[in-house]
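K.L.:
One structure, as structure tokens, below. Some questions next.
Nothing in this text is a laboratory measurement; each read-out follows from the coordinates by a stated rule. Since this is a predicted model, take the numbers as computed values, not measurements. Here the Cβ positions follow ideal geometry from the backbone for every residue, glycine too, while neighbour counts run over all protein chains shown.
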Amino acid sequence: MWQVLDFIIRYYVQIVLAMSVTAITAVALAVFSLFSGVRALLRNEIIGGYNHYMAKEYIPIYAMENIGEMYKAYHRLGGNGTITKLVEELKKLPSYVVDIGSKAWGKDE
């Protein structure tokens with residue numbers, strides 16, 4: 001009886017622990033990959049918004065709020081300072097068209 005119990009403790013517990021470590025490592029890699037992917041998508045969307053609204057020379061309030069929320073998520077996921085600079089530049093834009101003579105009020109060109 002003790003021999004069987006000793007055998008189980010020596011080998012089965014080690015096998016279960018090894019399998020657990022392998023499973024935890026696989027899950028950790030999957031989560032890291034998801035975070036990296038989401039961070040890349042957020043970065044792409046923020047850069048796209050930056051290019052779009054800098055060309056228009058204004059950014060509507062709803063768009064700035066959306067970019068702000070994306071930036072918060074991007075930053076929490078470990079994003080870098082490059083996007084911070086872009087968001088800070090967007091915050092300096094007016095929320096409406098300043099030169100009414102050359103652009104239609106709030107319309108895309």
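K.L.:
From the backbone phi of region 13-26, what are the Karplus-calculated ³J(HN,Hα) couplings (6.51 cos²θ - 1.76 cosθ + 1.60, θ = phi - 60°) in whole Hz, Gly and Pro given as x?
P.N.:
Once rounded to whole Hz, the list reads 5, 5, 5, 5, 5, 5, 5, 5, 4, 4, 5, 5, 5, 5.
K.L.:
Using DSSP to define loop residues, name the GluC sites (Glu not before Pro) in region 1-106 whose beta-carbon has at most 15 other beta-carbon atoms within 10 Å. Mind dumping the intermediate values first?
P.N.:
Details: sites: Glu45, Glu57, Glu65, Glu69, Glu88, Glu89; in loops: Glu57.
Answer by residue number: Glu57.
K.L.:
Give the longest segment of the chain that steers clear of trypsin sites (Lys or Arg not before Pro) in DSSP loops with at most 12 neighbouring Cβ atoms within 10 Å, not counting the sites themselves. Write down the numbers at each step before the final one.
P.N.:
Working: sites that count: Lys92, Lys107.
The segment 1-91 is the longest one with no such site.
K.L.:
Given the options Ala30, Ala18, Ala40, state which has the largest fluctuation in a GNM of the chain using a 10 Å cut-off (strictly under) for Cα springs.
P.N.:
So, out of Ala30, Ala18, Ala40, the one fluctuating most is Ala18.
K.L.:
Can you show me the helix-derived [θ] at 222 nm for the chain, built from DSSP H runs with n ≥ 4 at -39,500 (n - 2.57) apiece and divided by the number of residues, rounded to the nearest 500. Working shown, then result.
P.N.:
Numbers: 4 runs with 77 residues, N = 109.
The helix contribution divided over the chain gives -24000 deg cm²/dmol.
K.L.:
Output needed: percent of Cα pairs per 5 Å distance bin for the chain, bins running from 0 to the one holding the longest distance.
P.N.:
Taking every Cα pair in the chain, the percentages come to 2, 11, 16, 13, 10, 8, 7, 5, 5, 5, 4, 4, 3, 3, 2, 1, 1, 0, 0.
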